[in-house]
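**Q** For reference, the structure I am asking about is given below.
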Amino acid sequence: MGKHILFEHINIPGIENFSIYRKNGGYASVEKALKMTADQVIEEVKESGLRGRGGAGFPTGLKWSFLDRKSEKPRYLVCNADESEPGTFKDRYLMEKIPHLLIEGMITSSYALGAKTSFIYVRGEYMYVIRILEKAIQEAYDNGFLGKNILGSDFSHDLYVQPGGGAYICGEETALLESLEGKRGNPRLKPPFPAIAGLYACPTVVNNVESIAAVVPIINMTADKYNDMGIGKSTGTKIISASGHINKPGVYEIELGLPVEEFIYSDEYCGGIWKGRKLKAVVAGGSSVPILPAELILKNAKGEPRLMTYESLAEGGFVSGTMLGSGGFIVMDETTCIVRNTWTYARFYHHESCGQCSPCREGTGWMEKVLHRIEHGNGRMEDIDLLVDVAKKIEGNTICPLGDAAAWPVASAIRHFREEFEYHVRYPEKVKNPKHFELEPMVSYQVSVNS
Amino acid sequence: MAKVTIDGVEIEVANGTTILNAARQIGGDLVPPAMCYYSSLKDSGGKCRVCLVKVAQGSAKDPRPIPKLVASCRTPVADGMVVENLTSKDVLEARKGVVEFLLINHPLDCPVCDQAGECDLQNLAYEHGAEATRYEFERRTFDKIDIGDKIKLHMTRCILCYRCTFVANQLTDGRSHGVLNRGDHSEISTYIEKAIDNDFSGNMIDVCPVGALTDKTFRFKSRVWFTNPKDAHRDCKKCSGKVVLWTKGEEVLRVTARKDQYGEVKEFICNECRYDHKNISDWIVEGPRHIDRDSVISQNHYEKIDLQKLKKEVERQLEFQKGKQLPESTNGSMKV
Ligand SMILES: Cc1cc2nc3c(=O)[nH]c(=O)nc-3n(C[C@H](O)[C@H](O)[C@H](O)COP(=O)(O)O)c2cc1C
Ligand code: SF4
Ligand code: SF4
Ligand code: FES
């Protein structure tokens with residue numbers, strides 16, 4: 001069985017309560033960190049090799065070291081718990097089951113960053129999670145882990161929870177900061193980066209729930225032990241939310257480096273494809289990352305087995321690879337219609353674009369409409385190249401990465417499943433039945449890797 | 001000071017200058033177009049993406065290129081930076097894409113739009129757009145609404161540059177959102193109406209690059225190119241009183257602020273000057289207004305060419321082509 005360091009105690013009854021969490025070694029990282037200097041804590045996180053778990057995989061310690069510590073202004077830590085990416089539901093599980101782990105991580109990290117105030121910005125739809133967190137925060141105050149002079153030290157800290165307004169875009173870190181300030185959640189232009197001018201124009205670090213929670217075991221077990229886990233630059237563990245056509249959908253903590261094949265087929269994790277069907281495709285890191293056909297997700301273009309690491313999943317670039325992203329692992333069996341699936345994603349991004357910049361505001365809707373047309377048997381051959389072109393003109397030309405996130409799924413679906421798009425244009429009568437591939441699986445597509 | 005090269009032309013500018021403003025200091029064709037940036041409106045820019053350029057060399061210290069195209073209106077220069085605008089295929093391709101995006105939901109109702117003839121989107125489309133559209137779906141529409149009793153908001157034409165919201169924001173105390181909803185259903189809200197009592201609210205019309213905000217006292221009176229623009233001023237306690245009168249015969253059809261060659265107003269005018277003095281006798285007329293930009297209006301030969309001025313301008317441009325620093329133009333508006 002793989003090693004669990006975040007979920008080690010998650011199944012202990014009552015672990016959401018302070019006393020039981022504490023009995024199981026909870027808040028030890030705060031005690032340990034307070035005996036270290038702030039710089040030592042940052043150094044430890046740097047050494048651990050921890051990379052941001054929110055999607056981009058940016059090294060957390062490095063991000064912390066960019067924080068403007070010379071500024072006279074207050075510094076803030078903001079936890080990104082907006083989790084709205086289709087396929088990603090790991091942070092919710094962590095906060096719901098073991099809220100004190102996040103709170104402990106917030107306190108330890110804030111001490112390292114010299115932040116007197118921190119915020120957890122929680123997706124608005126997670127109202128019950130907000131109540132769980134608020135109760136846990138109160139317990140932490142009651143037990144002297146929050147508030148003035150924590151454990152008799154000079155370090156004082158206040159932690160607040162802020163419900164989001166219900167928009168995916170507020171998960172983008174600068175839109176999140178705008179929203180937290182009470183404004184419309186439009187992403188900001190960068191630079192300046194939050195580390196220099198973030199919340200209320202003060203130096204700010206924004207980190208994902210899982211990144212902050214991971215600071216707890218890093219401090220407890222030391223960076224050396226932490227980076228013993230994983231492979232190369234992908235150290236430690238990652239929480240994966242697995243969904244789709246598998247026997248055991250759920251939230252799993254895996255050690256980075258696990259082979260993808262083992263993750264999908266072993267009984268410890270996804271338990272194989274349901275109903276005895278064949279695997280068709282996987283979206284490995286939440287809806288924004290490129291989709292890969294079965295052949296390319298189990299093995300890369302060179303024929304080497306793919307591993308659950310940042311590097312291995314990215315092997316082959318966007319021609320034949322993808323990204324670990326936020327860990328939303330979506331599995332599709334042979335009956336899935338890729339065109340329909342792509343249209344569903346496109347509809348999501350069209351709905352969620354903030355509308356600030358023209359390529360994303362206009363292009364996402366355009367792609368959705370063309371995909372709708374193809375999926376409903378009204379497409380033309382030229383539509384396929386039109387989609388590729390529109391996606392290309394959005395990608396890289398927008399203010400925030402939502403534009404890329406909207407373009408990649410479309411571009412990659414056409415790259416790997418062009419035949420299926422063509423099939424829709426050729427046989428409109430067949431695809432007018434929404435269950436078209438469930439009745440007659442289409443697995444005769446060819447994988448074309450033009451590297 | 002920082003030395004930058006834009007499309008092969010080198011210039012030295014103050015630190016913190018944006019690429020766009022550095023290009024404007026050079027002038028000419030290499031200046032990227034701008035639909036949302038407006039130099040006098042704080043925080044404007046970065047949104048429309050027509051000003052995208054390529055940074056082929058980040059700086060002298062760190063010569064690596066910037067991997068993505070950047071919005072020149074919001075990206076500051078660095079010493080030794082090399083920028084490509086017209087010389088980059090990627091930029092032209094991306095810009096063509098942006099123009100297409102701006103047009104797919106635009107009603108293209110230029111024949112009945114008051115802005116036609118002086119519309120930034122029209123000009124941009126002529127220069128960079130494709131001649132046919134690839135978009136065949138129903139276009140987004142909104143109902144027209146009044147912003148106060150003098151301004152009509154025709155949201156269907158809006159390109160969401162946010163300029164008007166910045167005007168409303170910066171004129172009045174307190175923050176106003178100005179934009180409602182999300183994505184391609186975002187709309188300029190009547191919230192900007194909160195700023196309407198302000199003496200300078202009419203400037204929202206002038207900053208609008210398209211025909212989304214129009215002056216109700218002028219709507220449907222005349223095509224702009226049939227009017228005769230004249231520089232004029234009056235003694236005004238609220239503003240500089242420097243305006244352009246758009247006349248037909250003796251009749252003043254419209255009063256606007258003066259726009260420079262990039263379509264920007266440098267001196268905003270008050271509502272009294274804009275709406276309440278439609279009598280030519282209220283004004284001291286200075287002479288014909290020169291329209292610096294390529295537009296339908298400037299095709300009209302309403303202006304008598306001053307040969308003396310023309311000669312000076314030609315000399316100035318020749319000097320410049322010899323590679324000398326561009327001397328200040330003797331007449332801000334002359335163009336050859
Ligand atoms: C459209 C969009 C949505 C995002 N949503 C989330 C989110 O829900 N949660 C999250 O942690 N990061 C999200 N991100 C990534 C954040 O911008 C940011 O990179 C992250 O919070 C940084 O934390 P990390 O370094 O710990 O990963 C999103 C990014 C984009 C562009
Ligand atoms: S890319 Fe899309 S979501 Fe991001 S700022 Fe632009 S319009 Fe908004
Ligand atoms: S109404 Fe005009 S100024 Fe306002 S956002 Fe739309 S295009 Fe820009
Ligand atoms: S002018 Fe620069 S993005 Fe609009």
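The values are calculated or read from the model by the stated rules, or taken from the named source; none is laboratory data. Source: prediction; values computed, not measured. Cβ placement follows ideal geometry from the backbone for every residue including glycine, while neighbour counts extend to all protein chains displayed. SASA here: full protein model, heavy atoms, side chains in, ligands and nucleic acids out. Shrake-Rupley method; radii C 1.70, N 1.55, O 1.52, S 1.80 Å.
**Q** For a quick check of your reading of the filter: which trypsin sites (Lys or Arg not before Pro) in the range A:94-194 sit in a DSSP loop and have no more than 15 other Cβ atoms within 10 Å? Let's see the in-between values first.
**A** Values: sites: A:LYS97, A:LYS116, A:ARG123, A:ARG131, A:LYS135, A:LYS148, A:LYS183, A:ARG184, A:ARG188; in loops: A:LYS116, A:ARG123, A:LYS148, A:LYS183, A:ARG184, A:ARG188.
Within the range A:94-194, the qualifying trypsin sites (Lys or Arg not before Pro) (loop, at most 15 other Cβ atoms within 10 Å) are A:LYS116, A:LYS148, A:LYS183.
**Q** Can you tally the net charge around A:THR60? Count Lys and Arg as +1, Asp and Glu as -1, for every other residue whose Cβ sits under 14 Å from the Cβ of A:THR60.
**A** Residues near A:THR60 contribute +1 overall.
**Q** Expressed as an acute angle from 0 to 90° and rounded to the nearest 10, what is the orientation of the C-alpha long axis of helix A:381-394 relative to the principal long axis of chain A?
**A** Between helix and principal axis, roughly 20 degrees.
**Q** Return the carbon/sulfur percentage of the accessible area of the range A:233-333, one whole number, probe 1.4 Å, all protein chains in place.
**A** Working: 1750 of 3070 Å².
That share works out to 57 percent.
**Q** Under a 1.4 Å probe, what is the accessible area of the range A:339-438 per residue, stated in Å²?
**A** Counting only protein heavy atoms, the per-residue value for the range A:339-438 is 33 Å².
**Q** Sticking with this structure for a sec: Counting pairs of alpha carbon atoms under 8 Å apart in space and at least six apart in sequence, what relative contact order in percent does the range A:322-451 give?
**A** Taking the mean separation of contacting Cα pairs over the length of the range A:322-451, I get 31 percent.
**Q** While we're here: Taking R0 as 35 Å, what FRET efficiency do you get between B:ASN181 and A:HIS376 from their Cβ-Cβ distance, rounded to the nearest 0.05? Walk me through the intermediate numbers first.
**A** Values: r = 26 Å, r/R0 = 0.75.
For B:ASN181 and A:HIS376, the calculated efficiency is 0.85.
**Q** Would you grab the residues whose amide H sits under 5 Å from the one on B:ILE151? Only those 5+ places off in sequence or on another chain, please, with H modelled 1.01 Å from N.
**A** Counting only residues 5 or more places away or on other chains, the set is B:LYS216.
**Q** In peptide B:93-99, how many Cβ atoms from other protein chains are near each Cβ within 10 Å, on average?
**A** Working: counts 4, 7, 2, 1, 10, 8, 1.
If you average over the peptide's residues, the count of other-chain Cβ atoms is 5.
**Q** In whole angstrom, and with the biggest value first, how far do the Cα coordinates of the protein assembly as shown range along each principal axis?
**A** Cα extents, longest axis first: 89, 71, 53 Å.
**Q** Starting from the range B:210-269, pick out the GluC sites (Glu not before Pro) whose DSSP state is loop and whose Cβ has at most 15 other Cβ atoms within 10 Å. Walk me through the numbers on the way to the answer.
**A** Numbers: sites: B:GLU250, B:GLU251, B:GLU264, B:GLU267; in loops: B:GLU250, B:GLU264, B:GLU267.
Loop-located and lightly packed - B:GLU250, B:GLU267.
**Q** Another question, if that's okay. To the nearest whole number, what is the average tally of beta carbon atoms from other chains within 10 Å of the beta carbons of peptide A:346-356? Intermediate results must be reported in sequence, preceding the final value.
**A** Values: counts 0, 0, 0, 1, 3, 4, 2, 5, 4, 10, 11.
Mean shielding count: 4.
**Q** Then there's this: Keeping the other protein chains in place, figure out the carbon and sulfur percent of the accessible area of the range B:23-135, with a 1.4 Å probe. It would help to have the intermediate numbers written out before the result.
**A** On the way: 2600 of 4770 Å².
The nonpolar share, carbon plus sulfur, comes to 55 percent.
**Q** Can you give me the Rg/Rh ratio for chain B, using Cα atoms for both radii and the Kirkwood formula for Rh?
**A** Ratio value, two decimals: 0.96.
**Q** To continue, here is another question. Just the number please: accessible area per residue for the range B:1-131, 1.4 Å probe, all protein chains included, in Å². Write out the running numbers ahead of the final one.
**A** Details: 5480 Å² over 131 residues.
On a per-residue basis, the range B:1-131 sits at 42 Å².
**Q** Which links in A:LYS63/A:LYS190; A:LYS392/B:LYS89; A:LYS392/A:LYS435; A:LYS97/A:LYS135 stretch past 19 Å when you go from one Cα to the other? Working shown, then result.
**A** Working: A:LYS63/A:LYS190 15 Å; A:LYS392/B:LYS89 14 Å; A:LYS392/A:LYS435 30 Å; A:LYS97/A:LYS135 13 Å.
The answer is A:LYS392/A:LYS435.
**Q** Which FRET efficiency value, to the nearest 0.05, is calculated for A:ARG277 and B:ARG134 with the Förster distance at 41 angstrom and r the Cβ-Cβ distance? Before the final figure, lay out each step's value.
**A** Numbers: r = 38 Å, r/R0 = 0.93.
Calculated transfer efficiency: 0.60.
**Q** I need the phi-derived Karplus couplings for the range B:216-223: 6.51 cos²θ - 1.76 cosθ + 1.60, θ = phi - 60°, integer Hz, Gly and Pro marked x.
**A** 5, 6, 10, 3, 6, 6, 6, 5
**Q** Sticking with this one: Over the range A:18-228, what relative contact order in percent results from Cα pairs under 8 Å that are six or more residues apart? Present the calculation step by step, with values, prior to reporting the outcome.
**A** Values: 391 pairs, mean separation 65.5, N = 211.
About 31 percent, as a whole number.
**Q** Probe of 1.4 angstrom, ligands and nucleic acids ignored: what's the accessible area per residue over the range A:18-228, in square angstrom?
**A** Working: 7990 Å² over 211 residues.
With the other protein chains kept in place, the range A:18-228 gives 38 Å² per residue.
**Q** Please list the non-local residues whose amide H lies under 5 Å from the amide H of A:ILE240, H modeled 1.01 Å from N, same-chain partners needing a gap of 5 or more.
**A** The answer is A:TYR252, A:GLU253, A:ILE254.
**Q** Considering protein heavy atoms only and a 1.4 Å probe radius, which residues within the range B:12-53 exhibit an accessible-area decrease of no less than 30 Å² in the full assembly relative to the chain by itself?
**A** In the range B:12-53, residues shielded by partner chains: B:LYS47, B:ARG49.
**Q** Determine one quarter of the surface area of the Cα convex hull of chain A, which equals its mean projected area, and express it in nm² to one decimal. Numbers along the way, then the final one.
**A** Working: hull surface 83.0 nm².
Dividing the Cα hull surface by four gives the mean projection, 20.7 nm².
**Q** Only Cα pairs under 8 Å and at least 6 apart count here; give the relative contact order of the range B:2-91 as a rounded whole percent. Could the numbers behind the result be given before it?
**A** Values: 187 pairs, mean separation 33.2, N = 90.
For the range B:2-91, the relative contact order is 37 percent.
**Q** Averaged across the residues of A:365-375, what count of C-beta atoms belonging to other chains lies within 10 Å of each residue's C-beta? Provide the component values of the computation, followed by the final result.
**A** Working: counts 9, 8, 0, 2, 4, 4, 0, 1, 2, 0, 0.
What the average comes to for A:365-375 is 3.
**Q** Give me the angle, in degrees from 0 to 90, between the Cα long axis of helix A:358-375 and the longest principal axis of the Cα atoms of chain A, rounded to the nearest 10.
**A** Rounded to the nearest ten degrees, it is 40.
**Q** Could you sort the residues of the range A:376-419 by number and keep only those whose accessible area is reduced by 40 Å² or more in the all-protein-chain setting relative to the chain alone, 1.4 Å probe?
**A** When all protein chains are present, A:LYS393, A:GLY396, A:ASN397 each give up 40 Å² or more of accessible surface.
**Q** Expressed as a whole percentage, what fraction of the accessible surface of the range B:222-309 belongs to carbon and sulfur atoms when a 1.4 Å probe is rolled over the protein heavy atoms?
**A** Details: 2320 of 4680 Å².
Accessible surface attributable to carbon and sulfur in the range B:222-309 totals 50 percent.
**Q** Still on this model: Given labels modelled 7 Å from the Cα in the Cβ direction, how far is it in nm from A:VAL388 to A:GLU96?
**A** In this crude label model, A:VAL388 to A:GLU96 measures out at 4.2 nm.
**Q** Multiplying the sequence separation of B:SER240 and B:ARG64 by 0.36 nm and subtracting their Cα-Cα distance, what value in nm do you get?
**A** On the way: separation 176, 0.36 × 176 = 63.36 nm, distance 4.68 nm.
Between B:SER240 and B:ARG64, full extension yields an extra 58.7 nm.
**Q** Which far-off residues, 5 or more places away or on another chain, put their amide H under 5 Å from the one on A:HIS245, with H placed in the peptide plane?
**A** A:VAL331, A:MET332, A:ASP333
**Q** I'd like the interface area for chains B and A: accessible area of each alone minus the complex, both sides summed, 1.4 Å probe, protein heavy atoms only. What is it in Å² to the nearest 100? Mind showing how you got there, number by number?
**A** Values: alone 17690 and 18190 Å², together 32810 Å².
Looking at B and A, the buried total is near 3100 Å².
**Q** Based on the Cβ-Cβ distance of A:GLU438 and A:GLU311, what FRET efficiency does E = 1/(1 + (r/R0)^6) give at R0 = 35 Å, to the nearest 0.05?
**A** After rounding to 0.05, the efficiency reads 0.45.
**Q** Calculate how steeply helix A:402-426 sits against the longest principal axis of the alpha-carbon atoms of chain A, using the helix alpha-carbon long axis, and give the answer as 0 to 90 degrees to the nearest 10.
**A** Helix A:402-426 and the main axis of chain A meet at about 20 degrees.
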